[in-house]
Amino acid sequence: MRVLGIETSCDETGVAVVDGERGLLSHALYSQVALHAEYGGVVPELASRDHIRKLLPLVRQALDEAGTVPSDLSGVAYTAGPGLLGALLVGAGVARSLAWAWGLPAVAVHHMEGHLLAPMLDADPPDYPFVALLVSGGHTMLVDVQGLGRYRILGESLDDAAGEAFDKTAKLLGLGYPGGPALAKQAEHGDPGRFHFPRPMTDRPGLDFSFSGLKTRALTALRDVHSEQDRADVARAFEEAVVDTLVIKCLRAVEDTGAARLVVAGGVGANRRLRVRLREAAEARDVSVHYPALEFCTDNGAMIALAGMLHLQRGEAEDLTIQARARWGLAV
Ligand code: ATP
Ligand code: MG
Ligand code: FE
């Protein structure tokens, strides 16, 4: 089975082709980061318009690179939510229409399920069950994954997502958008002992998160500091606090569920400190940690094509409705 996947939920246009036997055959990605950078964040209307410009050329590119023609395909998968509604409608409308024109089934994919299944693109994918830490620009959640489509939310952020906190704090530090990677780079030169930031909600039971207080803490710390070194020290303290909090909650989730595997996905999963710290902590408890390849941590079409293929293999397909939902819970 071969499936075309389309992702347009935010500021990346992603298209990919996966094959049931041969795995990922191609993936094409266009990032709108430069377009939105001058506004300091994603401008929804501009995102939609750019997806319209880029999507069909990327579909052609992905098919060409995969050596695939429409008659080789068994279905078309698309991100149906959550995300920016206008942006979603572009991908959903195009994907549903292509599927209809080609006489194929279409599958509406939950964007966070895409992130969650991204490690399955690996040559050596993790077995079910596992605990997934989803840490992206819009979400921070711990999910008990018993199998495909069997997701129980163990905890989530009550305010800012981890990536959002990285981006907002990066802005305070005068770094560009999206600031997560830039902040992490600056933190490498920081002294971890200079400032101490709190580890929010770790002193009480439960698996929910709260990251909005950390940017306020950064703002306070930045009041009296001016040099590059000072800023690096603040970045380091912030990163340590987020990473520490995520590690504490992951270990708690693994303990609560008795899981032997932890999957980490979403853009913040690219963070090096988080990877190092989680690996150390998990290995000490005989828990294996699985990450998608770096390029599949952030938004991409490959994870959507894969999720769509897994659902299609179970015989799930949809009617002609074009599905797009700005808000959409993951648990079923
Ligand atoms: P969602 O999936 O919740 O809708 P999104 O798709 O915008 O959100 P992703 O593309 O998965 O999110 O991830 C982007 C986020 O990851 C941004 O907030 C970015 O700052 C953050 N990020 C990327 N790399 C790093 C890094 N090395 N360290 C910290 N944060 C990072
Ligand atoms: Mg993005
Ligand atoms: Fe995402």
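Somewhere in the range 186-198, is a residue more than 19 Å from the chain's Cα centre (by Cα) and on the phi > 0 side of the Ramachandran plot?
no
State which residue is surrounded by the fewest Cβ atoms within 10 Å (Cβ to Cβ) when the search covers only the range 30-51 and only residues that are farther than 22 Å from Ala182 by Cα and touching a residue at least 24 places away in the same chain (Cβ under 8 Å). Working first, answer last.
Kept after step one, since they are farther than 22 Å from Ala182 by Cα, are these residues of the range 30-51: 44-51.
Within this subset, residues satisfying the condition of being touching a residue at least 24 places away in the same chain (Cβ under 8 Å) are 44-45, 47-48, 50-51.
On the way: Pro44: 16, Glu45: 10, Ala47: 24, Ser48: 18, Asp50: 21, His51: 28.
So, considering only residues that are farther than 22 Å from Ala182 by Cα and touching a residue at least 24 places away in the same chain (Cβ under 8 Å), the one surrounded by the fewest Cβ atoms within 10 Å (Cβ to Cβ) is Glu45.
Among (1) closer than 22 Å to Ala237 by Cα; (2) within 16 Å of ligand 3 (Cβ to nearest atom); (3) of a type in the set (A, V, I, L, M, F, W, C), where does Met201 come up short?
Among (1) closer than 22 Å to Ala237 by Cα; (2) within 16 Å of ligand 3 (Cβ to nearest atom); (3) of a type in the set (A, V, I, L, M, F, W, C), the lone unmet condition for Met201 is (2).
I'd like the full set of residues that are under 14 Å from Ala221 (Cβ atoms) and of a type in the set (Phe, Trp, Tyr), limited to the range 191-210.
Answer for the range 191-210, where residues must be under 14 Å from Ala221 (Cβ atoms) and of a type in the set (Phe, Trp, Tyr): Phe195, Phe197.
Are any residues in the range 1-60 within 14 Å of ligand 1 (Cβ to nearest atom) and either within 18 Å of Glu113 (Cβ to Cβ) or hydroxyl-bearing (Ser, Thr, Tyr) (or both), and if so, which ones?
Glu7, Thr8, Ser9, Cys10, Glu12, Thr13, Gly14, Tyr30, Ser31
Tell me the strands (runs of 3 or more DSSP E) entirely within the range 60-159 that contain at least 2 residues that are in the same structural domain as Cys10 (by TED's automatic domain parsing). Explain how you work it out, then say what you get.
On the way: elements: 75-81, 106-110, 130-135, 140-147, 150-156.
The strands (runs of 3 or more DSSP E) meeting that bar are 75-81, 106-110.
Yes or no, residue by residue, for (1) surrounded by 22 or more Cβ atoms within 10 Å (Cβ to Cβ); (2) assigned to a helix (DSSP H, G or I); (3) within 16 Å of ligand 2 (Cβ to nearest atom):
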{"site": "Ala253", "(1), (2), (3)": "no, yes, no"}
{"site": "Leu262", "(1), (2), (3)": "yes, no, no"}
{"site": "Val268", "(1), (2), (3)": "yes, yes, yes"}
{"site": "Arg273", "(1), (2), (3)": "no, yes, no"}
{"site": "Leu278", "(1), (2), (3)": "yes, yes, no"}
{"site": "Arg285", "(1), (2), (3)": "no, no, no"}
{"site": "Val289", "(1), (2), (3)": "no, no, no"}
{"site": "Asp299", "(1), (2), (3)": "yes, no, yes"}
{"site": "Ala302", "(1), (2), (3)": "yes, yes, yes"}
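Yes or no: the range 115-128 includes at least one residue that is closer than 17 Å to Gly329 by Cα, within 16 Å of ligand 1 (Cβ to nearest atom) and of a type in the set (Gly, Ala, Ser).
The answer is no; no qualifying residue exists.
When you go through Leu84, Leu134, Leu117, Leu88 one by one, which is the residue that is within 15 Å of ligand 3 (Cβ to nearest atom), in contact (Cβ under 8 Å) with a residue 12 or more places away in the chain and touching a Cys at 6+ places or on another chain (Cβ under 7 Å)? Before the answer, list the steps.
Numbers: Leu134 fails: touching a Cys at 6+ places or on another chain (Cβ under 7 Å); Leu117 fails: touching a Cys at 6+ places or on another chain (Cβ under 7 Å); Leu88 fails: touching a Cys at 6+ places or on another chain (Cβ under 7 Å).
Answer to the check: Leu84.
Would a scan of the range 213-228 turn up a residue that is in a loop (DSSP other than H, G, I, E, B) and either surrounded by 13 or more Cβ atoms within 10 Å (Cβ to Cβ) or touching a strand residue (DSSP E or B) at 6+ places or on another chain (Cβ under 6 Å) (or both)? I'd like the intermediate steps shown before the answer.
Narrowing the range 213-228 to residues in a loop (DSSP other than H, G, I, E, B): 223-227.
Of the ones still in play, those that are also either surrounded by 13 or more Cβ atoms within 10 Å (Cβ to Cβ) or touching a strand residue (DSSP E or B) at 6+ places or on another chain (Cβ under 6 Å) (or both) are 225.
Within the range 213-228, one or more residues are in a loop (DSSP other than H, G, I, E, B) and either surrounded by 13 or more Cβ atoms within 10 Å (Cβ to Cβ) or touching a strand residue (DSSP E or B) at 6+ places or on another chain (Cβ under 6 Å) (or both).
Conditions tested, residue by residue: (1) more than 26 Å from Arg273 (Cα to Cα); (2) within 21 Å of the chain's Cα centre (by Cα).
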{"position": "Glu45", "(1), (2)": "yes, no"}
{"position": "Leu56", "(1), (2)": "yes, no"}
{"position": "Gly83", "(1), (2)": "yes, yes"}
{"position": "Ala87", "(1), (2)": "yes, yes"}
{"position": "Ala101", "(1), (2)": "yes, no"}
{"position": "Pro119", "(1), (2)": "no, yes"}
{"position": "Leu134", "(1), (2)": "no, yes"}
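(1) more than 16 Å from ligand 3 (Cβ to nearest atom); (2) in contact with an Asp or Glu (Cβ under 7 Å, 6 or more places away or on another chain): which one isn't true of Met141, the others all being true?
(1)
Which residue, of Lys171, Lys185, is within 14 Å of ligand 1 (Cβ to nearest atom), of a type in the set (Lys, Arg), in contact (Cβ under 8 Å) with a residue 40 or more places away in the chain and surrounded by fewer than 20 Cβ atoms within 10 Å (Cβ to Cβ)?
Being within 14 Å of ligand 1 (Cβ to nearest atom), of a type in the set (Lys, Arg), in contact (Cβ under 8 Å) with a residue 40 or more places away in the chain and surrounded by fewer than 20 Cβ atoms within 10 Å (Cβ to Cβ) holds for just one of Lys171, Lys185, which is Lys171.
Over 16 Å from Met1 (Cβ atoms) and in contact with a Gly (Cβ under 7 Å, 6 or more places away or on another chain): is that true of Glu65 in this structure? Let's see the steps before the verdict.
Working: over 16 Å from Met1 (Cβ atoms): yes; in contact with a Gly (Cβ under 7 Å, 6 or more places away or on another chain): no.
No.
Restricting the search to the range 97-112, which residues are touching a Pro at 6+ places or on another chain (Cβ under 9 Å), buried (at least 23 other Cβ atoms within 10 Å of the Cβ) and small (Gly, Ala, Ser)?
Ala99
Tally up the residues in the range 1-27 that are away from ligand 2 (no atom under 15 Å from the Cβ) and surrounded by fewer than 24 Cβ atoms within 10 Å (Cβ to Cβ), please.
Of the residues in that region, 10 qualify.
The values are calculated or read from the model by the stated rules, or taken from the named source; none is laboratory data. None of these values were measured; they are calculated from a predicted model. Cβ sites come from the backbone with ideal geometry, for glycine too, and all protein chains shown count toward neighbours.
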